[in-house]
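Chemist: Have a look at the structure that comes next, please.
A short reminder: the numbers here are calculations on the coordinates, not readings from a lab. What you are looking at is a predicted structure, and each value in this text was computed from that prediction instead of being measured. With ideal geometry, Cβ positions are generated from the backbone for all residues, glycine too; neighbour counts draw on all protein chains shown.
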Amino acid sequence: DTGVSQNPRHKITKRGQNVTFRCDPISEHNRLYWYRQTLGQGPEFLTYFQNEAQLEKSRLLSDRFSAERPKGSFSTLEIQRTEQGDSAMYLCASSLVYSGEQYFGPGTRLTVT
Amino acid sequence: AQSVTQLDSQVPVFEEAPVELRCNYSSSVSVYLFWYVQYPNQGLQLLLKYLSGSTLVKGINGFEAEFNKSQTSFHLRKPSVHISDTAEYFCAVSEGPNYGGATNKLIFGTGTLLAVQP
């Protein structure tokens with residue numbers, strides 16, 4: 001068990017460009033969560049999947065954001081037409097449905113210039 | 001809906017001294033409670049959790065926390081801190097117990113920076 005992994009670890013992009021992040025959860029975990037953390041704040045929930053189904057999306061997730069989890073394995077988070085306000089750490093976590101506890105990846109730090 | 005309050009944004013403490021990081025929560029349903037630690041430019045590591053049972057929970061690195069339902073608190077304690085404990089600590093709450101319909105999304109506080117000085 002290698003834990004939750006995220007790629008890339010860092011991404012610098014220009015305003016208006018599209019970016020995609022990947023999260024690979026712990027293999028037997030059927031729930032996968034995305035959070036966003038800005039400087040000096042705690043992480044904020046964005047969305048989550050149970051297997052391949054996206055079951056909830058936060059109001060923070062504007063229509064420029066889309067997440068997928070094909071086949072219930074890895075997940076991708078895409079941001080279209082990035083804005084400077086999208087600069088943040090994007091964290092992925094996974095869990096088992098009945099466990100209540102989530103394990104986090106190292107995060108992807110996005111900087112929009 | 002749940003919310004978490006960490007009143008102390010920063011707690012300075014000398015090495016080998018005891019420390020308490022405060023966390024209060026509000027919720028209309030029963031909750032799970034967690035403490036996570038975050039080192040610079042890294043993800044979050046689970047320190048300890050309260051799901052049910054004993055209100056005193058022990059975690060990694062010598063930390064413990066006590067769930068107090070009447071005061072809606074879940075304060076984190078360590079009897080003797082080390083320089084290596086310097087990090088950001090986040091308290092989090094999620095709805096529980098899980099009957100399969102709950103999202104278990106985590107609601108985090110704003111964090112407390114524990115600054116251990118020699």
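Chemist: Could you check segment A:1-28 and list, in sequence order, the residues that are buried (at least 17 other Cβ atoms within 10 Å of the Cβ) and either over 18 Å from B:A92 (Cβ atoms) or basic (K, R) (or both)?
Modeler: Step one: of segment A:1-28, the residues buried (at least 17 other Cβ atoms within 10 Å of the Cβ) are A:4, A:6, A:11, A:19, A:21, A:23-26.
Selection gives A:Q6, A:K11, A:V19, A:F21, A:C23, A:D24, A:P25, A:I26.
Chemist: State all residues of segment A:6-33 that are assigned to a strand (DSSP E or B), farther than 16 Å from A:P106 by Cβ and not aliphatic (A, V, I, L, M); if no residue qualifies, say none.
Modeler: The first filter runs over segment A:6-33 and keeps only residues assigned to a strand (DSSP E or B), leaving A:6-7, A:10-13, A:19-24, A:31-33.
Next cut, farther than 16 Å from A:P106 by Cβ only: A:12-13, A:19-20, A:31.
Result: A:T13, A:T20, A:R31.
Chemist: Has segment A:55-67 got at least one residue that is within 11 Å of chain B (Cβ to nearest Cβ) and touching a residue at least 12 places away in the same chain (Cβ under 8 Å)?
Modeler: Yes, some residue in segment A:55-67 is within 11 Å of chain B (Cβ to nearest Cβ) and touching a residue at least 12 places away in the same chain (Cβ under 8 Å).
Chemist: Look through B:V81, B:V11, B:V29, B:V4 and report the one residue that is over 11 Å from the mean Cα position of the chain (by Cα) and either of a type in the set (D, E, K, R) or part of a strand (DSSP E or B) (or both). Give the steps one after another, and end with the answer.
Modeler: Numbers: B:V81 fails: either of a type in the set (D, E, K, R) or part of a strand (DSSP E or B) (or both); B:V29 fails: either of a type in the set (D, E, K, R) or part of a strand (DSSP E or B) (or both); B:V4 fails: over 11 Å from the mean Cα position of the chain (by Cα).
Selected residue: B:V11, the only one of B:V81, B:V11, B:V29, B:V4 that is over 11 Å from the mean Cα position of the chain (by Cα) and either of a type in the set (D, E, K, R) or part of a strand (DSSP E or B) (or both).
Chemist: Which members of segment A:34-50 meet the condition of being assigned to a strand (DSSP E or B), more than 8 Å from chain B (Cβ to nearest Cβ), out of contact with any Cys (no Cβ under 9 Å at 6 or more places or on another chain) and hydrophobic (A, V, I, L, M, F, W, C)? Can you show your working first?
Modeler: Initially, segment A:34-50 is screened for residues assigned to a strand (DSSP E or B), giving A:34-37, A:44-50.
Narrowing further to those that are more than 8 Å from chain B (Cβ to nearest Cβ): A:34, A:36-37, A:46-47, A:49-50.
Okay, now just the ones that are also out of contact with any Cys (no Cβ under 9 Å at 6 or more places or on another chain), so A:36-37, A:46-47, A:49-50.
Answer for segment A:34-50, where residues must be assigned to a strand (DSSP E or B), more than 8 Å from chain B (Cβ to nearest Cβ), out of contact with any Cys (no Cβ under 9 Å at 6 or more places or on another chain) and hydrophobic (A, V, I, L, M, F, W, C): A:L46, A:F49.
Chemist: Criterion first (among the β-branched types (V, I, T) and assigned to a strand (DSSP E or B)) does A:T82 satisfy it? Don't jump to the end; show me each part of the working.
Modeler: Working: among the β-branched types (V, I, T): yes; assigned to a strand (DSSP E or B): no.
So A:T82 does not fit the description; no.
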